[in-house]
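Report on one structure; see the data block that follows.
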Amino acid sequence: MDLDIRLDDLSGTPTRELVTAHVAGMLANTPPESCHALDADALMGKEALLWSAWVDGELAGIGALSPFGAEEGELKSMRVTDAFLGKGIGRAILRHIVAEARARGIRSLWLETGSGDDFAAARGLYASEGFVECPPFGDYRPDPLSTFMTREV
């Protein structure tokens, strides 16, 4: 499988549709007050960097990095399309973002994900890549539906 991960300006329909589907999917499983997924406009407003992953011209997944502070960044909007689940796309995007963060001088990454069974695979992926659970960070507050994780880059 030839995977092409590229910086994406969110101007393309496939990428915007996947971000929209990601937010809708999060809201389908999480009450609005506990849902922290950002739509395309909010990602752009936070000056997040978003990468899209493509296989043979087909969008396979996305992941974003939202810098906060001089040396910290938050992982946002990690999503793999249904057609590419279980093929290592999420891990490849995550590793790409970690490498990009390191190259940009970011020293630690943070993330918020769900704590329910629907998010077990995501938490497993993050843990296998060195993320550990931590208290809420930034503007987040304790929430039984959220798991917070961090790792040094």
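Please count how many residues of the stretch 86-126 are touching a strand residue (DSSP E or B) at 6+ places or on another chain (Cβ under 9 Å) and under 18 Å from residue 58 (Cα atoms).
So the answer is 7.
Are there any pairs, at least 6 apart or on different chains, whose C-beta atoms fall under 7 Å, with the first in the stretch 135-153 and over 13 Å from residue 72 (Cβ atoms) and part of a loop (DSSP other than H, G, I, E, B) and the second at pLDDT below 95 and not hydroxyl-bearing (Ser, Thr, Tyr), and if so, which?
Qualifying pairs under 7 Å: 145/114; 145/116.
Out of 42, 92, 64, 24, I need the residue that is of a type in the set (Gly, Ala, Ser), part of a helix (DSSP H, G or I) and at pLDDT 95 or above. Which one?
Working: 42 fails: at pLDDT 95 or above; 64 fails: part of a helix (DSSP H, G or I); 24 fails: at pLDDT 95 or above.
When all the criteria are applied, what remains is 92.
I'd like to know if the stretch 109-132 contains one or more residues that are in contact with a Gly (Cβ under 7 Å, 6 or more places away or on another chain), under 23 Å from residue 46 (Cβ atoms) and among the small types (Gly, Ala, Ser).
No, the stretch 109-132 contains no residue that is in contact with a Gly (Cβ under 7 Å, 6 or more places away or on another chain), under 23 Å from residue 46 (Cβ atoms) and among the small types (Gly, Ala, Ser).
Residue pairs, Cβ under 7 Å, 6 or more apart or interchain, first in the stretch 89-110 and closer than 13 Å to residue 3 by Cβ, second surrounded by 18 or more Cβ atoms within 10 Å (Cβ to Cβ) and among the aromatic types (Phe, Trp, Tyr). List them.
Taking only residues 6 or more apart or on different chains, the pairs are 93/51; 96/51.
Quick one: count up the residues across the stretch 26-60 that are closer than 27 Å to residue 2 by Cα and touching a residue at least 40 places away in the same chain (Cβ under 8 Å).
Result for the stretch 26-60: 10.
Which one is nearest to residue 124 (Cα to Cα), of the residues in the stretch 67-89 that are of a type in the set (D, E, K, R) and either assigned to a strand (DSSP E or B) or under 15 Å from the mean Cα position of the chain (by Cα) (or both)?
So in the stretch 67-89, the residues of a type in the set (D, E, K, R) come out as 71-72, 74, 76, 79, 82, 87.
In the following step, the residues that additionally are either assigned to a strand (DSSP E or B) or under 15 Å from the mean Cα position of the chain (by Cα) (or both) were identified as 72, 74, 76, 79.
On the way: 72: 22, 74: 18, 76: 16, 79: 15 Å.
So, considering only residues that are of a type in the set (D, E, K, R) and either assigned to a strand (DSSP E or B) or under 15 Å from the mean Cα position of the chain (by Cα) (or both), the one nearest to residue 124 (Cα to Cα) is 79.
Inspect the stretch 75-98 for any residue being closer than 19 Å to residue 129 by Cα and of a type in the set (Ser, Thr, Tyr) and give the result as yes or no. First the steps, then the outcome.
If we filter the stretch 75-98 for residues that are closer than 19 Å to residue 129 by Cα, which is where we start, we get 75-80, 85-98.
Those left that are additionally of a type in the set (Ser, Thr, Tyr): 77.
So far as the stretch 75-98 goes, yes, one or more of its residues are closer than 19 Å to residue 129 by Cα and of a type in the set (Ser, Thr, Tyr).
Listed here are the residues, each with its yes/no results for (1) among the small types (Gly, Ala, Ser); (2) under 22 Å from residue 25 (Cα atoms); (3) surrounded by fewer than 22 Cβ atoms within 10 Å (Cβ to Cβ).
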residue: 71; (1), (2), (3): no, no, yes
residue: 80; (1), (2), (3): no, yes, no
residue: 83; (1), (2), (3): yes, yes, yes
residue: 86; (1), (2), (3): yes, yes, yes
residue: 92; (1), (2), (3): yes, yes, yes
residue: 111; (1), (2), (3): no, yes, no
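The values are calculated or read from the model by the stated rules, or taken from the named source; none is laboratory data. Because the structure is a prediction, the values reported are computed rather than measured. Glycine also receives a Cβ, built like all others from the backbone with ideal geometry; neighbour counts cover every protein chain displayed.
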